[in-house]
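Student: The structure under discussion is supplied below as structure tokens; questions concerning it will follow.
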Amino acid sequence: MSTNITVPVFPESVTEGTILTWHKQPGELVARGELLAEVETDKVVFEVPAPVDGVLTEITMPAGTTVKSGEVVGRLDKSATMTPKPSPVASETFPKAAIVMPAAKRLMDEHGLDARQLSGSGKGGRVLKEDVQKQLDIDETISAPAAAKPKPSPVAPVRMPAVPPAQAGERPEERARDGANADLRTEKRVPMTRLRVRVAERLVEAQRTAAILTTFNEVNMQPVMELRTRHRERFEKEHGVRLGFMSFFVKAAIEALRHFPEVNASIDGHDIVYHGFYDIGIAVGTPRGLVVPVLRDADRLTMAEIETRIRDFGERAQNGRLTLEEITGGTFTITNGGVFGSLLSTPILNPPQAAILGMHKIQERPVAEKGQVVIRPIMYLALSYDHRLIDGREAVQFLVMIKELLEDPARLLLEV
């Protein structure tokens, strides 16, 4: 009996998507709920699970095809059966194949691993990239003794000539032509992902509609770094997550937003909308493009909760597993180019937000303190803002307040 495989129902804001990849091919046996394909939209990647147990009999929409919500993309025959191939070792048995995430599957393919050898730690027993890496570490440990066995004395390496000798039967003109081709300049044209297209549209929209201006300052990170070093081990042991810098910046931004509500506002037509909540977006770079998951009601979160959610966002963003709700909205955004080595930048607004804070690389610099030149870990801060809504005075004072809070982090706890 044939069963249709359909595209998941998209939210109202998503009209269509593109089949990103098929994880199963016709003739393969699949289990109910197993990942069959992925559909990329301009916001998130949707999974297409198997509706029933059976054999995949037909793929009607191959990878790269544009599809709409609820459209049929393939068919399953739930009455068909497949004779399993005999195992090369009769006594060896494996558990039922688990659902494998895309990033984990790529790593498995690179190292020739079988999903049945892995135990998934993800939701519903799904195999994550971390599970594959853990198995690779185990395999490396097991194989280490073999690598330690004495080997024959190595032969001194022979430097190969720049031009390899002619192969038997190879004509000189053929070798000359191959050498010439190696020097040719090549180009490759690939379509932009839907997410990349959407990001490009929003960035251009921000540049076209907002009066963007950027103000800069610098912050001495030594007080935060000392506090972090002093409590890092205990914090990680207590909460199970590393104490990073981002939680300090989120807390400082929220306190500054309380004092400067226009920075937490947005423009809607000829109206100014003042938001009475603090939904902080955290920009995350992924292979597909930039995404901005949102910390909802961030003012109610502890530093441990902030760090935990940011780590979770980062991990799921790399695998395209963020939900539409998690990347929608936000009243203020923080982006950290410092993780890539950026010393200074001018962030672009995330519409319809009125401002965005840019963090950068911490670098030791000579600074003057009380008439003395000392070395301090300094970070440049950048605040891009919509000058239609925020005046220069408020923008500068907002950034100065963040600087002062970070240079005296006890104020973050006392909220003064």
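Student: If you check V339, V374, which single one turns out to be more than 19 Å from V250 (Cα to Cα), surrounded by fewer than 19 Cβ atoms within 10 Å (Cβ to Cβ), without any contact (Cβ under 8 Å) to a residue 60 or more places away in the chain and out of contact with any Gly (no Cβ under 7 Å at 6 or more places or on another chain)?
Tutor: After ruling out the rest, the residue left standing is V374.
Student: Out of A395, A382, report the one residue that is under 15 Å from G358 (Cβ atoms), touching a strand residue (DSSP E or B) at 6+ places or on another chain (Cβ under 8 Å), open to solvent by less than 40 Å² (accessible area, probe 1.4 Å) and part of a helix (DSSP H, G or I).
Tutor: Result of the check over A395, A382: A395.
Student: So, one more: Considering (1) buried (at least 18 other Cβ atoms within 10 Å of the Cβ); (2) at pLDDT 95 or above; (3) farther than 17 Å from Y278 by Cβ, say which one Q363 fails and leave the rest.
Tutor: (1)
Student: In addition: Restricting to helices (runs of 4 or more DSSP H) lying wholly in segment 175-283: which have 1 or more residues that are among the hydrophobic types (A, V, I, L, M, F, W, C), without any contact (Cβ under 8 Å) to a residue 24 or more places away in the chain and over 18 Å from R411 (Cβ atoms)?
Tutor: 194-209
Student: For the structure I just gave you, tell me whether K85 is surrounded by fewer than 19 Cβ atoms within 10 Å (Cβ to Cβ), of a type in the set (D, E, K, R), touching a Ser or Thr at 6+ places or on another chain (Cβ under 8 Å) and at pLDDT below 85.
Tutor: So K85 fails the test.
Student: Then there's this: Which one is most open to solvent (accessible area, probe 1.4 Å), of the residues in segment 1-46 that are of a type in the set (D, E) and within 13 Å of L324 (Cα to Cα)?
Tutor: So, considering only residues that are of a type in the set (D, E) and within 13 Å of L324 (Cα to Cα), the one most open to solvent (accessible area, probe 1.4 Å) is E12.
Student: Restricting attention to segment 268-321, which residues are of a type in the set (V, I, T), buried (at least 17 other Cβ atoms within 10 Å of the Cβ) and touching a strand residue (DSSP E or B) at 6+ places or on another chain (Cβ under 7 Å)?
Tutor: Passing the criteria: I280, I282, V284, V291, V292, V294, I306, I310.
Student: With respect to the numbered conditions (1) touching a Lys or Arg at 6+ places or on another chain (Cβ under 9 Å); (2) modelled with pLDDT under 95; (3) not hydrophobic (A, V, I, L, M, F, W, C), which one is the sole condition not fulfilled by E255?
Tutor: Of (1) touching a Lys or Arg at 6+ places or on another chain (Cβ under 9 Å); (2) modelled with pLDDT under 95; (3) not hydrophobic (A, V, I, L, M, F, W, C), only one is false for E255: (2).
Student: Also, quick follow-up: Scan segment 350-359 and tell me whether some residue there is open to solvent by 10 Å² or more (accessible area, probe 1.4 Å), outside any strand (DSSP E or B), under 25 Å from V199 (Cβ atoms) and modelled with pLDDT of 95 or more.
Tutor: Taking every residue of segment 350-359 in turn, none turns out to be open to solvent by 10 Å² or more (accessible area, probe 1.4 Å), outside any strand (DSSP E or B), under 25 Å from V199 (Cβ atoms) and modelled with pLDDT of 95 or more.
Student: Considering only residues that are outside any loop (DSSP other than H, G, I, E, B) and crowded, with 20+ Cβ neighbours inside 10 Å, which ones fall in segment 47-61?
Tutor: V48, G54, L56
Student: If I go through segment 62-76 residue by residue, how many of them are aliphatic (A, V, I, L, M), open to solvent by 10 Å² or more (accessible area, probe 1.4 Å) and modelled with pLDDT of 90 or more?
Tutor: Number of matching residues: 1.
Student: Further question on the same structure: Anything in segment 287-321 that is within 16 Å of the chain's Cα centre (by Cα), over 23 Å from A355 (Cβ atoms) and in a loop (DSSP other than H, G, I, E, B)? List them, or say none.
Tutor: P287, R288, N319, G320, R321
The values are calculated or read from the model by the stated rules, or taken from the named source; none is laboratory data. Please read all numbers here as calculations on a predicted model, not as lab measurements. Quick reminder, even Gly has a Cβ in these numbers, built from the backbone with ideal geometry, and neighbours come from all protein chains shown. When the accessible area is computed, the model is the full protein with side chains, heavy atoms only, and any ligands, DNA or RNA have been set aside. Shrake-Rupley method; radii C 1.70, N 1.55, O 1.52, S 1.80 Å.
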